[in-house]
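Nothing in this text is a laboratory measurement; each read-out follows from the coordinates by a stated rule. A quick note: this is a predicted structure, and the numbers were derived from the prediction, not measured.
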Amino acid sequence: MYLVAIAWGYVVLMMAVAEATAPNGTVLGAVFTFLLYGALPLSIVLYILGTPSRRRLRIAQERAPAASDAPLQPDGGDHAAGDTVAPERKEP
């Protein structure tokens, strides 16, 4: 999947370079060529193709045991947490 995306990005990049270096081309036209022919369609296609893996990941996280079953430790250790706030010192 990523090989096709990289290849498409390369093709669109070369189109943008050709647009920028053409006698009648502009850099603004090259930017719009890259965005509208490359970045936007590629992001949409990759989002759609990544949907099954995101769904599988979400289902796996829902089936995993909840973290609320175990008692919460502030530092993740098995010992009591230390004093997290320094005591107030009185000025002499």
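Multiplying the sequence separation of Leu57 and Thr21 by 0.36 nm and subtracting their Cα-Cα distance, what value in nm do you get? Mind showing how you got there, number by number?
Numbers: separation 36, 0.36 × 36 = 12.96 nm, distance 4.48 nm.
Result: 8.5 nm gained on full extension.
Plugging the Kirkwood radius over Cα pairs into Stokes-Einstein for the range 2-62, at a temperature of 20 °C and a viscosity of 1.002 mPa s, what D comes out in µm²/s? Display every interim value, and only then the final one.
Values: Rh = 13.1 Å.
The diffusion coefficient I find is 164 µm²/s.
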